[in-house]
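Below: the structure, in structure tokens.
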């Protein structure tokens, strides 16, 4: 009897506690009813923050398998905010504050995290998140609340189709594969290629598929198309099979950490041909893990660190100084996504979501990854570059316009 | 499948199997004695790998003049010690208080220890979640035999797995400590009455199990030179499956299960890489349905 | 001429071996209704194996078993229970962590079976079944002087009460044949006497036929109307108590061969 | 009056539930419980469904399943596919969306139950750790299969699921699940399942068809896990294979064992405590302490170990009175 009471009392107490804490934390902000239908004319929020700090949200996978990508993303956003703050902030000196939430690469966590940022921290804009599956879970929430979001790296086409408040800073799935295929066929004069990708990761799968399709369309032959499970370390089975089919080029759409191992194992199995991949390669750790075996590999990217444009040089220098390592593609894209958002806030002249959205739509921003404009589906229109690994460094090879 | 490809895949399978077998040995060892599925075992492996990483990086910043073989042996010692220490620490702090409690609470604690180690390492500023390149302790040397590519690290993996299994079998079957271990595994209380120091025996088991994890850690890091806090999860899971496949608690069984799973996975993957993992699990299920006690496990006939 | 009694359990030429070891060979039995018979023999003679074969725990490698005229050889244990054979165990096997009442009610489950759906919607069928089950269980517990213990956790009962509860649970299945595996194990002479009374009582009250295995000679010799003696899986003798007591093979089996 | 109160636990349970519902609704519409807290409460409730249904398999029947999220995945995908397909049809408003959603959930549950029956089969031959590994393997196989079906999105996940999981529906589903499981456990069928846990051989020998009950435990447990999965998918509007891996299954297992294995009250309590701790209290605490969010799971796992050491039987090893029906 006593036990039963206790149980119930505990549950009620916990909930009561929650209510109290929230009551204190958010005293007098009238919350708009969450079930506001889209058809009713939505009044512009009546409470534009009376000056003070501007809160920017960032949901990212900070723990779990993709934590390192989340970390880079967070660093990139922080870098952008710090630079702007150092220049005196936005909208007449208001400072930018970054609030992060960990999504653990789990859509459910992402949904909880973004609502926390919206409700508790009152973010005016969201930069994130890394993976499309999580972005797809948080995008509807932001759309309903009319808070703009720029995802740095979610490549799935569906993400920005959720609504007109959702933007992205990266290419969509098929662009890089197409560029890679064209480069392989016309520049490297390769006719037989094979691909290896992560079956559990939609980004790498999408890239590999678009490479396959584009390469075949150009007249090349795909002699092998193999998958590996997420988190695998041993790729010998797939590589042995692929190499036996005699490809002149291996398309590796994975992230740098897998690519390093794959290249090593492929060379150990006697493979002599080219390696080609996507922006997942862009990390100083690629060469550390893959060593001499990634030498001569090519990948498509958003920008080259050799690029003399001031945006690139300042960013690379400042980031390296701050975090002790050169930025990878995720950091660069997060930096761009944040700067796109800050630029839009400046142009909108307010922190009102709808105004920021409208400003974002007309972006024409000189970002690290090129000058970014958005198309009708809020995808960036920008060029890709081809990078070669030469002497353990990234070397600019070519630019491919969309 | 061509013959060279077939043999190449066999070598690939043996290499992967050796890694699984090494991890499975530690799983089975601890399970055999205290019936605990020590989920944290895979993380002891990670701790061992990181210990060697920091050790080797430190040595290599001092001097490049150390012969690789010496560096490897020193690294192996560091791995063994680090693995043993973290295993015993977990035993002391987390498992010992639950020794005579329901078996499954110890299991959940093991899951907790596993999560803790992973997240803790990923949160530590000087480790973090990122992937690190593991330095080459031994220079990789490849050679070709009849069209099949081999390398020294593969041979080291396979050789060390077999040596450690033999050593372990010897310890368990031929030494006083082994006798004590077998007694404890049969009946803790009876063993105590026979004058066996049960806690000391269990400590010994954890030290050995942890050292094995450390050994697996350094070998895995050398074979797949990329380390990160979650590196143990997937191979750990597979190794656990291998241990069960061989008959959990049975040392040669762990070895056999490891190699079989490795080979099965490689051939399944080369047959269809999309389903490779699923096929490996399906094989496991079928084997267990035919032999519920695992391949080398003893049939537990129930006394009525 | 005595009245021809119905045979409850009929075993013909039953054999079973574990690996190469013959645990039971050529076992025969015609158990008439209403009797109390016993099987004795030294440790490892195969007595419990006979029980396990009859109740379907093992499948005999040879021979046939009929329960109330129906073949049950190789049937699953729960079907054999449904056909009217119940048993207890040498080392008491209660459902230790649940109340005494539930132990008995589980035994009764096979007699009253409202569907899962009935249970979930708590309809009349369910309520009637539960009511009857509870009443009958309490009655049964009262029979064994355990009604005061109905809500206690089974494993907390003292040894003697656990033994009684096990018998009660077996009786809950409403059997015709009761197999008792060493019911007097661990009891003092006083308790054994009480047990004996109880065995007679339940035999008459529940119209049972009883087959028991026992180590305690005193108990067996006094209670069993007919005794079979087993050694190394073979039946080496059978008869009434006095015949058994003087049978040289039996003495040999228990005491070993003399020096001479 | 007091006597009636004590003797009618079901009424009590329902009153508690209704009171909780009204309280939460009031707090929510009053703006005190914002969307963030509501989503956490929704997740808590879904965890209650997942944990109590796993408890039927592991706690009541004494089997050892560690692939529970595999069932949830089937439920999520079946229900999600159904609603996404139906939502593409023209709807003149004549069919209630709630009704359609219930149909979808039940279909998802049935799909999961069928898979549960398949997985229950090996349970007949395997015990303990061996059974665990097989359920784990099955869970991974389910995930691999989903990953390879492009019709449901493969690794991209099943997208565009309508947002149908309102707080009310989740709450009602949770209460119904708990009521059904509770009525089942406290019936002769439930006792039969418990006898399998206590001593399967002895159960067999008092006339319990242990085979049947092992499979039923999996079927029923899987059914409700499927419902939980369906609710989750319609809450976050997508279903993704990575949500249903072995790691996710472990999290449900943790809820069951922290709560107290075999105790439905424990599962309910732990589902709330752990979810609120992980998703609300810890992030807040860390923010207050100025630590990075990555430390959340470090503290969480540490607490897990500490709770297990000091309460190895779980927080609520015994069933609360209001969880035991009056007619038991």
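The values are calculated or read from the model by the stated rules, or taken from the named source; none is laboratory data. Keep in mind it's a predicted model, so treat the numbers as computed, not measured. Neighbour counts are summed over all protein chains in view; Cβ atoms, including those assigned to glycine, are modelled from backbone coordinates with ideal geometry.
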Taking the options A:163, A:110, name whichever one is touching a helix residue (DSSP H, G or I) at 6+ places or on another chain (Cβ under 9 Å), closer than 21 Å to residue D:237 by Cα and outside any loop (DSSP other than H, G, I, E, B).
A:110
Only unsatisfied item for residue A:59, checking (1) within 13 Å of residue A:153 (Cβ to Cβ); (2) in a helix (DSSP H, G or I), is (2)
Sort through D:253, D:302 and tell me the only one that's modelled with pLDDT of 90 or more and either surrounded by 23 or more Cβ atoms within 10 Å (Cβ to Cβ) or more than 7 Å from every other protein chain (Cβ to nearest Cβ) (or both).
D:253
Is it the case that the stretch D:37-52 has a residue that's in a loop (DSSP other than H, G, I, E, B) and either under 20 Å from the mean Cα position of the chain (by Cα) or more than 10 Å from chain B (Cβ to nearest Cβ) (or both)?
no
Any residue that is modelled with pLDDT under 50 and either in the same structural domain as residue A:324 (by TED's automatic domain parsing) or farther than 30 Å from residue D:294 by Cβ (or both) - is there at least one of those in the stretch A:50-70?
no
Residue check, residue A:288 at pLDDT below 95 and assigned to a loop (DSSP other than H, G, I, E, B):
no
Looking at this structure, is residue C:169 at pLDDT 90 or above, within 13 Å of chain D (Cβ to nearest Cβ) and in a helix (DSSP H, G or I)?
yes
Can you tell me which residue within the stretch A:222-236, out of those that are over 18 Å from residue D:155 (Cα atoms) and in contact with a helix residue (DSSP H, G or I) (Cβ under 7 Å, 6 or more places away or on another chain), is farthest from the other protein chains (Cβ to nearest Cβ)?
A:222
In this structure, does residue D:224 turn out to be more than 10 Å from every other protein chain (Cβ to nearest Cβ) and either at pLDDT 95 or above or crowded, with 21+ Cβ neighbours inside 10 Å (or both)?
yes
The lone condition residue D:94 fails out of (1) within 26 Å of residue D:271 (Cβ to Cβ); (2) not in a helix (DSSP H, G or I) is (1)
Residue list for the stretch D:282-299, filter: surrounded by 19 or more Cβ atoms within 10 Å (Cβ to Cβ) and more than 7 Å from every other protein chain (Cβ to nearest Cβ):
D:282, D:299
Given the condition within 11 Å of chain A (Cβ to nearest Cβ) and farther than 23 Å from residue A:255 by Cα, answer yes or no: does some residue in the stretch B:106-119 qualify?
yes
Scan the stretch C:139-151 for residues that are surrounded by 15 or more Cβ atoms within 10 Å (Cβ to Cβ), more than 14 Å from every other protein chain (Cβ to nearest Cβ) and not in a helix (DSSP H, G or I) and jot them down.
C:144, C:146
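Okay, residues lined up against (1) under 16 Å from the mean Cα position of the chain (by Cα); (2) surrounded by fewer than 17 Cβ atoms within 10 Å (Cβ to Cβ); (3) farther than 20 Å from residue D:205 by Cα; (4) touching a residue at least 24 places away in the same chain (Cβ under 8 Å):
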| residue | (1), (2), (3), (4) |
| --- | --- |
| C:175 | yes, no, no, yes |
| C:188 | no, yes, yes, no |
| C:193 | no, yes, yes, no |
| C:210 | yes, no, no, yes |
| C:227 | yes, no, yes, yes |
| C:230 | no, no, yes, yes |
Any idea which of D:119, D:146 is within 11 Å of chain B (Cβ to nearest Cβ), buried (at least 24 other Cβ atoms within 10 Å of the Cβ) and outside any loop (DSSP other than H, G, I, E, B)?
D:119
Residues of the stretch B:122-156 being assigned to a helix (DSSP H, G or I) and either within 11 Å of chain A (Cβ to nearest Cβ) or without any contact (Cβ under 8 Å) to a residue 24 or more places away in the chain (or both), which ones?
B:122, B:123, B:152, B:153, B:154, B:155
Looking at the stretch B:217-225, is at least one residue touching a strand residue (DSSP E or B) at 6+ places or on another chain (Cβ under 8 Å), under 30 Å from residue B:75 (Cα atoms) and either surrounded by fewer than 20 Cβ atoms within 10 Å (Cβ to Cβ) or more than 14 Å from chain D (Cβ to nearest Cβ) (or both)?
yes
Name every residue in the stretch B:81-97 that is buried (at least 20 other Cβ atoms within 10 Å of the Cβ) and within 14 Å of chain D (Cβ to nearest Cβ), in order of residue number.
B:90, B:91, B:94, B:95
Look through C:8, C:100, C:50 and report the one residue that is within 13 Å of another protein chain (Cβ to nearest Cβ) and under 18 Å from the mean Cα position of the chain (by Cα).
C:50
Please verify whether the stretch A:127-139 includes one or more residues that are modelled with pLDDT of 90 or more and surrounded by fewer than 22 Cβ atoms within 10 Å (Cβ to Cβ).
no
Given the criterion in a helix (DSSP H, G or I) and either touching a residue at least 24 places away in the same chain (Cβ under 8 Å) or buried (at least 24 other Cβ atoms within 10 Å of the Cβ) (or both), identify the matching residue among A:80, A:101.
A:80
When restricted to A:200, A:219, the only residue on the phi > 0 side of the Ramachandran plot, touching a helix residue (DSSP H, G or I) at 6+ places or on another chain (Cβ under 8 Å) and in contact (Cβ under 8 Å) with a residue 24 or more places away in the chain is A:219
A careful count of residues in the stretch C:70-97 that are modelled with pLDDT of 90 or more and away from every other protein chain (no Cβ under 12 Å) gives 4
I'd like to know if the stretch B:55-62 contains one or more residues that are in a loop (DSSP other than H, G, I, E, B), over 23 Å from residue B:200 (Cα atoms) and in contact (Cβ under 8 Å) with a residue 60 or more places away in the chain.
no
Any chance residue D:217 is under 20 Å from residue D:136 (Cβ atoms), within 14 Å of chain C (Cβ to nearest Cβ) and assigned to a helix (DSSP H, G or I):
yes
Sole miss for residue C:136 among (1) in contact with a helix residue (DSSP H, G or I) (Cβ under 7 Å, 6 or more places away or on another chain); (2) surrounded by 18 or more Cβ atoms within 10 Å (Cβ to Cβ) is condition (2)
Tell me which of these residue C:124 doesn't satisfy, since it passes every other one: (1) at the interface with another protein chain (Cβ under 9 Å from one of its Cβ atoms); (2) surrounded by fewer than 20 Cβ atoms within 10 Å (Cβ to Cβ); (3) at negative phi.
(1)
Are any of the residues in the stretch A:297-308 within 14 Å of another protein chain (Cβ to nearest Cβ), in contact (Cβ under 8 Å) with a residue 24 or more places away in the chain and either surrounded by 24 or more Cβ atoms within 10 Å (Cβ to Cβ) or in a loop (DSSP other than H, G, I, E, B) (or both)?
no
